[in-house]
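Worksheet: one structure, shown below.
A short reminder: the numbers here are calculations on the coordinates, not readings from a lab. In this text the structure is predicted, and so the values were computed from the model without any measurement. Neighbour counts run over all protein chains shown; Cβ positions are idealised from the backbone, glycine included.
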Amino acid sequence: MHNAGLGCWPARRAQMSPHRTAFVFAGRSVGYAEVHERTTMLASRLAADAGVTAGDRVAYLGPNHVAFAETMFATHVLGGIFVPLNFRLTAPEIAYMLADSGATVLVYAPECAHVVAALRTMPAPPPPAPGPTGLPGLPDLRTVVALESPAAGEREYETWLAQGDPAPIDTPVSPDEVALILYTSGTTGRPKGATLTHANLVWNCLNMMVGVDVTSTEVTLISAPLFHVAALNQTLLPTFLKGGTSVIMPSWDVDLCYDLIGKHRVTWMFGVTAMFAAFARSPRWAHADLSSLRTLMSGGASIPVALIRAYQERGLVFCQGYGLTETAPGATFLEADESERKAGSAGVPVFFADVRVARADLTDTAVGEPGEVLVRGPNVTPGYWRNPKATADAFTQDGWFRTGDIGTLDDEGHLYIVDRVKDMYISGGENVYPAEVEAVLFEHPAVAEAAVVGVPDDRWGEVGRAFVIPRPGATVTPADLRDFLRSRLAKYKIPVYFDLVDTLPRTGSGKIRKPPLRTRPLP
């Protein structure tokens, strides 16, 4: 094959294991041979009707669905670039990403019909003329495809796909060509489009398979959103590569998660802290049959040690990892047999990458000394889409990617993430890392989740403010929390303010958005 990118994967898998189940979604199973046929037919429509050629961008907007994977692979069959969009964003945010990427095709789910409708009414910025779709502010967008109930001028996904040609397509694609544009969460300023090449994705899969014994009989629960790099690159793609089965949830739901684990005997699942915490709080936690689970994998932020212990008591062991969108995402990994001895660690560098912790002058820190985490390897982004300044700022002169995270290394080379550089605050001349305070708060039996930020203070410069979600049915007061922390943390680390809240603002990938918390008026 001339296609050396992800576009050849459906064909190769169909040749090797045509009758195995690739995807399960909404009660329907899809085999690898069917995935190959549908992907090829969709690619032919993208080429013949939408005019997609190598290098063109195809965007997808919607919750998890088999059509997400089909659209991605079909785009890669043609040598195009896939742009998965966060379906939780507003129309202006989506418009920015479509315009920035220059997407020529948008495939969207019915849950996002209101967003696409709003795009049609947005004013056109001068001087570009309206594109063929009639979306004034998006002149590059030529074709809009709806999974259901298309509006005037749009295609209907299944009907459109059925008109495709199943004849093989073999477009020359180099491993070093861009495969994905993934927009960062945008917690500050405009989001940047991190590019990942086909080679980045393959190396990440190899790193994943070194750390986890992924098998051809794997049954992987895809419960985090696929527009997020971890759900896509750490679970769906490695499972597909090995010929396993991905059970796709439209969105996270605790009861559905229990149901699918029991029905399909799920062996592997990925989640972030909020998901695993909610799973453990369910009334079904104590009695559900979870014996099929071989691997639980977390990322996005450090899992509190108290939660790790709760899962270990249930006989479930976490693999933890650390990474970013820009590292595809795996940078470090803690294998299962180290999960208890090194609880709280993000592990050691993945097999095909290097990780350092450096001071501001880029010299290596000593054991236990905080510094910025730097990453280098074949899984690291070549840069940001059409943003040379951001790309230059993200790398040291000798090619290390600057993560913006603060970490420490222990005497065995295990990485511990302390916090984001931008989240650290200074109180009375002392550095305070909110993640440390949050981890201790999580140990309180009445605390479900916590987020700590620094806020201005006339005396100390900055002090802590903690936003705490109590566990259902639990009663806790700020005084209780303050007393709990007093014996566990230095005085300067204890927040001055405690807010008991029902929810916390989040990014599309489930991470807590701290900028809105910093701007909330003080009580």
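How would the stretch 427-518 be classified by its alpha-carbon gyration tensor: rounded, prolate or oblate, with rounded meaning a/c under 1.5 and the a/b versus b/c comparison settling the rest?
In terms of gyration-tensor shape, oblate.
Which length gain, in nm to one decimal place, applies between ASP458 and GLU369 when the Cα-Cα distance is subtracted from 0.36 nm times their residue separation?
29.1 nm is the gain from fully extending ASP458 to GLU369.
Quick one: Debye curve from the alpha-carbon atoms of the chain only, equal weights, vacuum; give me log10 I(q)/I(0) at q = 0.08, 0.10 Å⁻¹ to two decimals.
Calculated log10 I(q)/I(0) at the listed q: -0.52, -0.82.
Arranged from highest to lowest average of other beta-carbon atoms within 10 Å per residue, in what order do the peptides 330-343, 389-402 appear?
330-343, 389-402
Using θ = phi - 60° and the Karplus relation 6.51 cos²θ - 1.76 cosθ + 1.60, list the HN-Hα couplings for the stretch 29-42 in order, rounded to whole Hz, with x at every Gly or Pro.
Each residue of the stretch 29-42 in turn: 9, 10, x, 5, 5, 5, 4, 4, 5, 5, 5, 5, 5, 5 Hz.
I need to check one value: relative contact order of the stretch 195-420, counting alpha carbon pairs closer than 8 Å and at least 6 residues apart, in percent.
Worked out over the stretch 195-420, it gives 18 percent.
Kindly write out, for the stretch 290-297 in residue order, the coupling ³J(HN,Hα) from the Karplus curve 6.51 cos²θ - 1.76 cosθ + 1.60 (θ = phi - 60°), rounded to whole Hz, with x marking Gly and Pro.
10, 5, 6, 5, 9, 9, 10, 10
If r is the Cβ-Cβ distance from VAL210 to ALA278 and R0 is 25 Å, what FRET efficiency results, to the nearest 0.05?
It comes out at approximately 0.25.
Calculate the spin-label point distance for GLN163 paired with ARG506, positioning each point 7 Å from the Cα along the beta-carbon direction, and give it in nanometres.
A separation of 3.9 nm, rounded to one decimal place.
Considering the dipole of the chain built from charges on the beta carbon (Lys and Arg +1, Asp and Glu -1) around the Cα centre, which of ASN387, ALA451, ALA306 is farthest to its positive end?
ALA451
For a Förster distance of 35 Å, can you work out the FRET efficiency between the beta-carbons of PHE351 and ALA448, rounded to the nearest 0.05?
Taking R0 as 35 Å, the efficiency between PHE351 and ALA448 is 0.45.
Contact order normalised by length for the stretch 353-407, with contacts defined as Cα pairs under 8 Å and 6 or more residues apart; what percent is it?
36 percent
Could you state the angle between the C-alpha long axis of helix 91-101 and the longest principal axis of the C-alpha atoms of the chain, as a value from 0 to 90 degrees rounded to the nearest 10?
Its long axis makes an angle of about 70 degrees.
Using helices alone, what [θ] at 222 nm do you get for the chain, with -39,500 (n - 2.57) per DSSP H run of 4 or more residues, divided over all residues and rounded to the nearest 500?
After summing the helix terms and dividing by residue count, I get -7500 deg cm²/dmol.
Given axes a ≥ b ≥ c from the Cα gyration tensor, I'd like to know whether the stretch 328-399 is rounded (a/c under 1.5), prolate (a/b larger than b/c) or oblate.
Judged from the Cα gyration tensor, the stretch 328-399 comes out oblate (a/c at least 1.5, b/c at or above a/b).
Mind pulling the angle between the C-alpha long axis of helix 66-77 and the longest principal axis of the chain? Nearest 10 degrees, somewhere in 0 to 90.
Here the helix axis deviates by roughly 70 degrees.
Of the chymotrypsin sites (Phe, Trp or Tyr not before Pro) in the stretch 202-256, which ones lie in a loop per DSSP and count no more than 15 other C-beta atoms within 10 Å?
Listed in order of number, the matching sites amount to none.
What is the distance in Å between the Cα centroid of the stretch 154-169 and that of the stretch 233-282?
The stretch 154-169 and the stretch 233-282 have Cα centres separated by 30 Å.
Taking the Cα centre as origin and putting +1 on Lys and Arg beta-carbons and -1 on Asp and Glu beta-carbons, what dipole magnitude results for the chain, to the nearest 20 debye?
Dipole size: approximately 640 debye.
Pairs LYS342/LYS493; LYS263/LYS342; LYS242/LYS514; LYS422/LYS491: which are spaced more than 31 Å apart, C-alpha to C-alpha?
Exceeds cut-off: LYS263/LYS342; LYS242/LYS514.
Along the charge dipole of the chain, which of VAL247, ALA230, PHE87 sits closest to the positive end, that is, farthest toward it, with unit charges on the beta carbon of Lys, Arg, Asp and Glu (+1, +1, -1, -1)?
After comparing all options, I get PHE87.
Roughly how tilted is helix 198-211, in degrees to the nearest 10 and between 0 and 90, from the longest Cα axis of the chain?
With both axes taken from Cα atoms, the answer is about 50 degrees.
List the residues whose amide H sits under 5 Å from the amide H of ALA179, counting only those 5 or more places along or on another chain, with H placed 1.01 Å from N in the peptide plane.
LEU196, THR197, HIS198
Going highest first, how would you order 108-119, 253-264 by mean Cβ packing within 10 Å?
Order by mean packing, descending: 108-119, 253-264.
Per-residue HN-Hα couplings for the stretch 476-484, Karplus 6.51 cos²θ - 1.76 cosθ + 1.60 at θ = phi - 60°, whole Hz, x for Gly and Pro?
Residue by residue, the stretch 476-484 yields 8, 10, x, 5, 4, 5, 4, 5, 4 Hz.
Decide, for the stretch 276-331, between rounded, prolate and oblate: order the square roots of the alpha carbon gyration tensor eigenvalues as a ≥ b ≥ c, take rounded if a/c falls under 1.5, and otherwise choose prolate if a/b is larger than b/c, else oblate.
Since a/c reaches 1.5 and a/b is larger than b/c, the shape of the stretch 276-331 is classed as prolate.
Hey, can you grab everything whose amide H is under 5 Å from the amide H of SER246? Only 5+ residues off in sequence or another chain; H modelled, so Pro and N-termini drop out.
The answer is PHE23, VAL24, THR220.
Treating only the Cβ atoms of Lys and Arg (+1) and Asp and Glu (-1) as charged, compute the dipole magnitude of the stretch 414-473 about its Cα centre; round to the nearest 20 debye.
Dipole magnitude for the stretch 414-473 comes out near 140 debye.
Would you mind calculating the relative contact order of the chain from Cα pairs under 8 angstrom and at least 6 residues apart, reporting the percent as a whole number?
11 percent
Can you pull out the GluC sites (Glu not before Pro) in the stretch 422-470 whose DSSP state is coil and whose Cβ has at most 11 other Cβ atoms within 10 Å?
The qualifying sites: there are none.
Roughly how many debye, to the nearest 20, is the charge dipole of the stretch 6-173 about its Cα centre, given +1 on each Lys and Arg Cβ, -1 on each Asp and Glu Cβ, and no other charges?
260 debye
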